[in-house]
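First comes the structure, then the notes that go with it.
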Amino acid sequence: MSRRPTRTPRSMTRRTFLQASAAAGAAGVFGTPGLRAMADDLNRRAIPASGERIPVIGLGTARTFNTNPNDAAAMESLRGVLDAFYQGGGRVVDSSPMYGHAETVVGRLADELGIADELFMATKVWTRGRDDGIAQMERSRERMGGGRLDLIQVHNLVDLQTHLATLRAWRDEGRVRYIGVTHSRTSQHDELTRIVQREPIDFVQLNYNIAARNAEARLLPAAADNGVAVLVNEPFERGTLFRRVGDRALPGWAGDIGAATWAQFFLKFITGHPAVTCAIPATSDPEHSADNIGACRGPLPDDNQRERMARYFDQL
């Protein structure tokens, strides 16, 4: 019951695959302004705590957005990433003070693009002590635009109870809309499960992908049973999934789930799980950003199709 109403020598690079494959033409459709602006056909999932529906693909910023804000060339590329994401219908952007300059870069680019008020801004608290936590969250708010943040999460469970107490008060006061916890290691899934079951949180962020499916056993069911939204990090296992498939073509039946590229195949596997609210792939490439958000459209795989996807991948 619900508690309440993130190279092998033979492998092609992902860019090369997108440019060379027949699917690149389909992925290119998302570069057409008229089609990118259409958001009504996006797959969305409800946040259990409120019923608010968000697109099932978001944007992570770990490593990729940690660049010098004064580096014009790097900022221009990341501006393209954020713009392609937004124009494709994406809204959830996840960052952290752990990610170096990422919060500042996201906030500055969103302001330059004039889209800051339309993004679902999520970040984290990653320090110890109540006062240091409050100071860090205030800095994050300023770096990401100065407005109310949509979601703040306790990063990697650091000083969990201290920060949860602050976050509960902030949520009650309207200073943040949602609160949650994160981790990116499978070894912490049991602890995340216990937190989901006993703490009044709105979100849990965890690692999950077609090669790392441990979360299916207890953590994802616990989130569904307790009305906690799920953000998924490491959807590509830091690129190892692409190295695993190498230069193989997609199976012919991938079209049945609307997957035109391997990235979309991997993301649709994740978002096809009914407990998953949003997957947050990170990229510094505008072309990859458009490809990723393309997974937000078309059919999502059902349980049988997801089993077929997993079996196919396991045999590679």
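A compact table of results
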quantity: Helices (runs of 4 or more DSSP H) completely within the range 232-316 that count 2 or more residues being surrounded by 24 or more Cβ atoms within 10 Å (Cβ to Cβ); calculated: 262-271, 286-294
quantity: Yes/no for Leu206 being within 26 Å of Thr127 (Cα to Cα), among the aliphatic types (A, V, I, L, M) and at pLDDT 95 or above; calculated: yes
quantity: Qualifying residue in the range 66-75 (condition: hydroxyl-bearing (Ser, Thr, Tyr) and assigned to a helix (DSSP H, G or I)); calculated: no
quantity: Scan of the range 48-91 for residues that are at positive phi and over 16 Å from the mean Cα position of the chain (by Cα), ordered by number; calculated: Gly51
quantity: Single condition Pro200 does not satisfy, out of (1) within 21 Å of Pro97 (Cα to Cα); (2) not in a helix (DSSP H, G or I); calculated: (1)
quantity: Pairs with Cβ under 6 Å, 6+ apart, first in the range 288-316 and at positive phi and at pLDDT 95 or above, second part of a loop (DSSP other than H, G, I, E, B) and small (Gly, Ala, Ser); calculated: Gly298/Gly258
quantity: Residue match in the range 125-139 (condition: closer than 23 Å to Arg53 by Cβ and crowded, with 20+ Cβ neighbours inside 10 Å); calculated: no
quantity: Residue check, Leu220 closer than 25 Å to Thr64 by Cβ, assigned to a helix (DSSP H, G or I) and either acidic (Asp, Glu) or touching a strand residue (DSSP E or B) at 6+ places or on another chain (Cβ under 8 Å) (or both); calculated: no
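To keep it simple, each residue is scored yes or no on (1) assigned to a strand (DSSP E or B); (2) out of contact with any Leu (no Cβ under 7 Å at 6 or more places or on another chain); (3) under 18 Å from Ile47 (Cα atoms).
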residue	(1), (2), (3)
Val93	yes, no, yes
Val105	no, no, no
Ala110	no, no, no
Asp117	no, yes, no
Glu138	no, yes, no
Gly146	no, yes, no
Leu151	yes, yes, yes
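The values are calculated or read from the model by the stated rules, or taken from the named source; none is laboratory data. Small disclaimer: the values here were computed from a predicted structure and weren't measured. Backbone-built Cβ (ideal geometry, glycine too); neighbour counts: all protein chains shown.
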